[in-house]
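Quick notes on the structure that follows.
The values are calculated or read from the model by the stated rules, or taken from the named source; none is laboratory data. Here the structure is a predicted model, which is why all the values come from computation and not from measurement. Backbone-built Cβ (ideal geometry, glycine too); neighbour counts: all protein chains shown. Accessible surface areas use protein heavy atoms only, side chains included; no ligands, DNA or RNA. Shrake-Rupley method; radii C 1.70, N 1.55, O 1.52, S 1.80 Å.
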Amino acid sequence: MSDMAILINTAVAVLATVVLIVRFKVNPVISLIIGSVYLGLSAGLGVTKTVETITGGFGEIMVEVGLLIAFGVLMGSILNETGAIRRLVEHLLHVFGPNRLPYTMGLAIGTALQSIFLDVLLVISAPLARKLAPRIGKLGTARMATAMAIALECGIVFMVPGVAALALAGLLSVPLGKMMIFGLILIVPTIIISIAIMTFLFRKGFWNEEKDEDHIYLEDDDDNSAAGTETAEAGTDTGSTRKGAGVPSRSNGNGSSAAPVPAGASVAVAESDREREAPLLVLFAPLLVSLLLIGAGAILEILKIEMAWLQLLGEPVIALLIGLIGTGIMGRYTVGQKRVETAIATGFKESGQILILTGVGGSLAATVGAAGLGDILGGFFSASTVAPLLVVWGIAALFHIAVGSVTLSAITAAGLLAPIAPAIGIDPVLIALAAGAGSLFMVHVTSNTFWLLQSLLGQSVRGALKSVTVGVSVASVVAILLILPMSLLF
């Protein structure tokens, strides 16, 4: 088959996937599989080879990141149940003060809290951000909403153990420690610069408090705000939140609204709801230990130092398992075994769709590679290491505009260029970062995150288009502008 035919069939497969998702509302998992089947058959792989490639691609990426994603989601679910996130935000406010709060809260959400999947982290922190916004002064809502949007989206694609970061590392065979180090180098300046740019624009008149803020929604009383901070579990149905949706009601710890308790059960309920206070550092210690072990393992690998016991503990699966066990122990101490089991059950439920979506993204990438696109693009890009990064950024950006899924667009874009990384001599970690950066462009009305930020932070749709769509797009451009010089150094 000619090179032109392969390029055309690949383009048709990708466009068909987008059309199925956007126009016909077909589930992304099903759409990706259909696109993979079409590409395999049209490229001449045959029925057997096509099916083997699809299933093989799914299995390969699950081998790489399946347990990592599951462990990360479970750890985040338990941390959510213990109230550690709320306490961390309050501590940041106390230490750094209100003027620096958008930056400090943004950096905390983008880095330290990425064991929690995005919607849950957002619903946990949004009521606090809304309550604290007036303390920043003028433009408080605009600055907090923008900081949260940028940090949440950047965190999941750049920072281990963010879901998209794990998926990209597995898809491109990037060592997790390396992904963590490069992601940290990129995400910190990206968040700071992007928030600073948006703050400058707001102060120049880009934000209109009368038109961009939902003042009726902002009149919620403190009790409702407190309720929002105590619920927001992984099991909350945040995917259907739209304009006008309220902050989740007070929960009894299993995701349902509190109900009258029979008198005979009062003693049991009191026992199950009993909580113990633990230092904030202790609650986050297992997660921090996991990340330190992964980083240590990466350093040993780079320096080619043989230290068997540390290499074992530094393996990402083992490190995150240690973190999960430690977080579970702390959860049992602070909120009790029953609530930890509820959090784990919720985490298992939520991780399922993340794993399947990641797996079928790997199926499409494997089919693209088997179709021969890698050889074609490898020759096309062999003279430059910068152009492929711009291409993968552009593909991810276009796919995200159409589909609205950061993770899906990042995986698809990276998968298209994954086969050519060795041929053009570009470090796969840079392709992963470029795909992640592109997938941040134009978070808009097709994104669940857009509506969550709009409703939970008291913005009008017009305001959310500024703080979320423009803000995260600025971060997308800032990130790729930082990645391009990195490609010349590494």
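Give me the net charge of Gly140's neighbourhood, meaning all other residues with Cβ under 11 Å from the Cβ of Gly140; Lys, Arg count +1, Asp, Glu -1.
Once all neighbours under 11 Å are counted, the net charge is +3.
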Neighbour-limited loop hits for GluC sites (Glu not before Pro), the range 297-351 (at most 10 other Cβ within 10 Å; DSSP other than H, G, I, E, B): Glu306
Got a number for the accessible area of Tyr38? Probe 1.4 Å, square angstrom, nearest 10. 90 Å²
Quickly rank 56-66, 42-52 as a protection proxy: mean count of other C-beta atoms within 10 Å, highest first. 56-66, 42-52
Ignoring ligands and nucleic acids, what accessible area does Met179 show with a 1.4 Å probe (Å², nearest 10)? 0 Å²
Apply 1/(1 + (r/R0)^6) to the Cβ-Cβ distance of Val461 and Ile401, taking R0 = 30 Å, and write down the FRET efficiency to the nearest 0.05. 0.95
Order 14-21, 430-437 from most to least packed using the mean count of other Cβ atoms within 10 Å. 430-437, 14-21
Explain nothing, just compute: Karplus ³J(HN,Hα) = 6.51 cos²θ - 1.76 cosθ + 1.60, θ = phi - 60°, for every residue of the range 477-485 in order, whole Hz, x for Gly and Pro. 5, 4, 4, 5, 5, 7, 6, 4, x
Set the Förster radius R0 to 35 Å, insert the Cβ-Cβ distance between Ile299 and Ala387 as r into 1/(1 + (r/R0)^6), and round the FRET efficiency to 0.05. 0.65
Between Ser173 and Ser2, what is the label-to-label distance in nm when each label sits 7 Å out along the Cα-to-Cβ direction? 3.2 nm
23 Å Cα-Cα threshold exceeded, pairs from Lys138/Lys466; Lys131/Lys211; Lys349/Lys466; Lys131/Lys349: Lys349/Lys466; Lys131/Lys349
